[in-house]
Amino acid sequence: MKLDILALAAHPDDVELACAGTLIKAIQQGKKAGIVDFTKGELGTRGTPEIRMQEANAAAEIMGLSARENLGFRDGFFKNDEAHQLEVVKAIRKYQPEIVLANAVDDRHPDHGRASFLSKEACFLAGLAMIKTEIDGVEQSPWRPKAVYHYIQSIPQTPDFIVDVSAAWETKMNAIRAFKTQFHDPNSGEPETYISSPRFMKMIDARGIDYGHEIGVEYGEGFTVERTVGTGSIFNLI
Ligand SMILES: [Zn+2]
């Protein structure tokens, strides 16, 4: 299945927190979007990997994704090596996205930076015909996405561009709330974590308002780039 935009993430919920609005907006505009999560987040304090998978699927439905899969890498310890790169190459070739969204280059969780480099390198390698991969015995064709953008997540960074996600914000927050065990639930008896306090959800909202304010809209999501972006028309910039 070909996708227009594919988000790669170290953990299920990274995409929801950082760039779900951008995916939802693309879907609203008739594009096909999907997510490939690298790990099941099995080191998370609250919930279980099984519950997290159910939550990730519920969030995918809320966002209207065409595909979501999990590569089953080891949370906290996956490496940016040949074996892991080839698995990500296979996913990129399978979905043939024009745009890939990847984790922040540098972030609070060390998995994010590692996933970021792994994603970027796999996007390049996926375009090399001499690297052979197959799924179910069928050889895959090479595919290189046109662009890789990094979504800003925990640590604030100066964005290189901001997407207006005002029309998608409510759906994004619903997708985040689908991760019931991870975020604030007044009825939960599980231990409090960095992300489970009511303050955390307020911070997500404030972050969206802040990025939105920078470009004169209600809500925004910020991205960084490694290659300068271009535009066919200066009128496409808001
Ligand atoms: Zn994460």
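What follows is calculated from the coordinates using simple rules that are stated; it is not laboratory data. The model shown is predicted, which means the values in this text are computed figures rather than measured ones. When we count neighbours, we look across all protein chains shown, and the Cβ atoms used for this are built from the backbone with ideal geometry, even at glycine.
The calculated 222 nm mean residue ellipticity attributable to helices in the chain amounts to -11500 deg cm²/dmol, summing -39500 (n - 2.57) over DSSP H runs of n ≥ 4 and dividing by all residues. Between MET53 and ARG144, the C-beta separation translates, for a Förster distance of 41 Å, into a calculated FRET efficiency of about 0.85. Here is the P(r) of the chain: all C-alpha pair distances, binned every 5 Å from 0, give 1, 7, 14, 19, 21, 17, 11, 6, 3, 1, 0 in whole percents.
Remark: relative contact order (the range 119-159) = 36 percent; criterion is Cα-Cα distance under 8 angstrom and separation of 6 or more residues. Relative contact order, whole percent, for the range 65-179 stands at 28, derived from Cα pairs under 8 Å and 6 or more residues apart. In this structure, ASP205 and LEU71 have a Cβ-Cβ separation that, at R0 = 30 Å, corresponds to a calculated FRET efficiency of about 0.50. Distance from the C-alpha centroid of the range 64-91 to that of the range 155-191: 22 Å, rounded to the whole angstrom.
Spin-label point model (7 Å from Cα, Cβ direction): what's the SER233 to ASN174 distance in nm? Going by the 7 Å Cα→Cβ label model, 3.2 nm. Within the range 189-231, name every residue whose backbone N is under 20 Å away from a label modeled 7 Å from Cα of PHE161 along the Cβ vector. Taking a point 7 Å out along Cα→Cβ of PHE161, the residues of the range 189-231 whose backbone N falls under 20 Å are 208-231.
Put simply, the convex hull of the Cα atoms in the range 1-59 casts, on average, a shadow of 4.3 nm². Working from Cα pairs under 8 Å separated by at least six residues, relative contact order for the chain is 23 percent. Convex hull volume of the C-alpha atoms in the range 1-128, normalised per residue: 95 Å³. Across all directions, the shadow cast by the convex hull of the range 101-195 built on its C-alpha atoms averages 9.7 square nanometres. Extension gain, GLU98 to PHE124: 0.36 nm times the residue separation minus the Cα-Cα distance gives 8.1 nm.
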